[in-house]
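Asker: The structure that follows is given in the form of structure tokens.
The values are calculated or read from the model by the stated rules, or taken from the named source; none is laboratory data. Since the structure is predicted, the reported quantities are computational estimates derived from the model, not experimental observations. Every residue, glycine among them, receives a Cβ derived from its backbone with ideal geometry; neighbour counts consider all protein chains shown. Accessible surface is based on the protein model in full, side chains and every heavy atom, while ligands, DNA and RNA are left aside. Shrake-Rupley method; radii C 1.70, N 1.55, O 1.52, S 1.80 Å.
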Amino acid sequence: MAVARIRKILPIFRTRPAKVKAQPVPAHSASPSLLRSCLPSERLFERAMLREFGVMSAGVFVVLLSIMIVTSGAKLLGLAASGGIVSEAVAALLGFTLLGLVPWLLSMTVFITVLWSLTRAWRDHEMAIWFAAGQPLTAWIRPVLTFAIPLALVVAMLSLGLSPWAKQKSREYREQLATRDDMSALAPGLFKESSLSDRVYFIENFSGVAGAARNIFVQSTARDGTHSVTVAAQGYLRSLPDGERILVMQNGRRYEGMLGQPNYRIVEFNEARIRVQEPDRREATTTSETQSTLALWHSDNPEDKGELARRIASPISTLLLALLAIPLAYVNPRVGRGFNLIVAVLLFSIYLNLVNIAQSWIAAGKLPSLIGIWPVHLAMAAIAWGLFRWRAKPRS
């Protein structure tokens with residue numbers, strides 16, 4: 001019975017389906033997945049690489065920013081430990097420093113991202129597929145510029161506007177710290193020399209500018225060579241109506257005399273007062289790095305012209321480095337995987353050094369400001385064009 005049923009069903013599967021004429025699908029009814037499947041293969045490949053550029057650039061920028069935070073933070077913490085700055089100023093100064101370094105970090109991020117991503121494509125033989133599809137090496141210019149142009153605009157905004165403001169605020173903050181009075185710069189457990197180098201302060205515990213202190217030590221030297229050492233169990237700061245600040249010391253002892261002589265005088269007191277020395281107040285100075293871009297544009301000073309050329313060079317160098325990374329990413333299996341990276345780092349260093357040299361020549365008046373750093377950019381553009389011509393075809 002089963003065999004008879006199978007023989008009846010088999011003719012149904014053997015019959016050929018009728019031909020159906022394909023109907024065009026309206027554009028408004030096409031699904032997004034169908035439209036994506038109709039895209040050219042090179043556009044899909046470009047979208048995949050742009051996605052890789054975005055992910056890798058985020059990782060590279062985080063790594064570079066972390067390195068700068070560690071190095072700059074360690075330097076500032078060292079200054080705070082030695083009493084050069086107060087610990088509360090470390091975070092603000094670190095933020096201002098990083099804002100000034102972000103344009104350089106972004107330019108380096110773009111170069112490393114494009115170079116590393118395309119190096120991986122060469123190493124994984126994706127470039128062979130790219131060339132086999134009839135696409136030239138110059139076809140990478142469009143996706144690379146799509147990735148690099150927005151970051152170059154951010155670099156231009158930071159280099160021309162935000163970074164000078166951050167450097168100016170950092171300078172103002174440092175000079176405000178430098179013009180504080182002697183007691184405001186004190187840190188518990190550290191010896192601090194006065195601004196006139198004639199006193200040394202030490203406190204064991206200090207609760208603030210207007211708070212009390214415990215176990216105070218003050219050593220001073222007079223003009224006639226007399227030395228005095230004052231120690232007190234406690235004390236506090238007092239501000240007089242005329243603005244003068246006085247350190248009031250309580251329950252202490254003072255030793256006065258000449259060094260090397262036994263005729264020291266010892267005085268015990270319930271309360272003693274010492275005038276706190278205040279340095280001269282001065283306004284924050286401005287340099288070419290801290291001036292606005294508009295002020296540099298209208299200035300005739302060669303140093304200002306050099307600084308303006310350096311700021312304009314930042315976004316231009318970002319785009320040129322992105323284009324230069326395309327032919328530099330070529331991996332020759334006979335030479336090794338790291339050879340192209342060594343050449344890329346060498347060209348990157350030469351480019352930045354030439355930009356700095358041109359800036360210094362403009363500031364010194366050896367190079368006209370109208371010429372500026374443009375010869376350096378043109379030279380790197382010529383190198384990039386030559387490398388594109390050399391790497392136009394994949395090599396075996």
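Asker: Scan the stretch 222-247 residue by residue and report those that are under 45 Å from the mean Cα position of the chain (by Cα) and within 19 Å of residue 193 (Cα to Cα).
Answerer: Residues satisfying the conditions are 235, 236, 237, 245, 246, 247.
For every residue, the table says whether it meets (1) among the hydrophobic types (A, V, I, L, M, F, W, C); (2) at pLDDT 80 or above; (3) closer than 23 Å to residue 55 by Cβ.
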{"site": "83", "(1), (2), (3)": "no, no, no"}
{"site": "88", "(1), (2), (3)": "no, no, no"}
{"site": "93", "(1), (2), (3)": "yes, yes, no"}
{"site": "106", "(1), (2), (3)": "yes, yes, yes"}
{"site": "120", "(1), (2), (3)": "no, yes, yes"}
{"site": "133", "(1), (2), (3)": "yes, no, no"}
{"site": "141", "(1), (2), (3)": "yes, yes, yes"}
{"site": "149", "(1), (2), (3)": "yes, yes, yes"}
{"site": "176", "(1), (2), (3)": "no, no, no"}
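Asker: Take residue 323 and tell me if it is open to solvent by 10 Å² or more (accessible area, probe 1.4 Å), outside any loop (DSSP other than H, G, I, E, B) and either closer than 30 Å to residue 230 by Cβ or at pLDDT 75 or above (or both).
Answerer: Yes, satisfied.
Asker: Just one of (1) polar (S, T, N, Q); (2) within 20 Å of residue 160 (Cβ to Cβ); (3) open to solvent by less than 50 Å² (accessible area, probe 1.4 Å) trips up residue 340, so point out which.
Answerer: Residue 340 satisfies all of (1) polar (S, T, N, Q); (2) within 20 Å of residue 160 (Cβ to Cβ); (3) open to solvent by less than 50 Å² (accessible area, probe 1.4 Å) except (2).
Asker: Among the residues of the stretch 221-233, what is the count of those that are assigned to a strand (DSSP E or B) and either modelled with pLDDT under 75 or crowded, with 17+ Cβ neighbours inside 10 Å (or both)?
Answerer: 3
Asker: OK, next. If we keep just the residues of the stretch 239-269 that are basic (Lys, Arg) and without any contact (Cβ under 8 Å) to a residue 24 or more places away in the chain, which is least open to solvent (accessible area, probe 1.4 Å)?
Answerer: 253
Asker: Would you point out which residue out of 139, 148, 156 is among the aliphatic types (A, V, I, L, M), in a helix (DSSP H, G or I) and over 23 Å from residue 308 (Cα atoms)?
Answerer: Testing whether each residue is among the aliphatic types (A, V, I, L, M), in a helix (DSSP H, G or I) and over 23 Å from residue 308 (Cα atoms) leaves just 139.
Asker: Show the residue pairs that are 6+ apart or on different chains and have beta-carbon atoms under 8 Å apart, the first residue being within the stretch 58-69 and under 15 Å from residue 111 (Cα atoms), the second being at pLDDT 90 or above and hydroxyl-bearing (Ser, Thr, Tyr).
Answerer: Correct list of pairs: 60/109; 60/113; 61/109; 64/109.
Asker: If you don't mind, there's one more thing I want to ask. Could you grab me the full set of residues in the stretch 291-313 that are within 30 Å of residue 117 (Cα to Cα) and open to solvent by 20 Å² or more (accessible area, probe 1.4 Å)?
Answerer: Result: 310, 312.
Asker: Right, another one. Got at least one residue in the stretch 259-280 being basic (Lys, Arg) and modelled with pLDDT of 80 or more?
Answerer: Yes, the stretch 259-280 contains a residue that is basic (Lys, Arg) and modelled with pLDDT of 80 or more.
Asker: What's the number of the condition residue 315 fails, among (1) at pLDDT 90 or above; (2) touching a Phe, Trp or Tyr at 6+ places or on another chain (Cβ under 9 Å); (3) not hydrophobic (A, V, I, L, M, F, W, C)?
Answerer: (2)
Asker: Condition first: closer than 30 Å to residue 140 by Cα and among the aromatic types (Phe, Trp, Tyr). Now tell me which residues in the stretch 350-396 satisfy that.
Answerer: Of everything in the stretch 350-396, those that are closer than 30 Å to residue 140 by Cα and among the aromatic types (Phe, Trp, Tyr) turn out to be 351, 374, 385, 388, 390.
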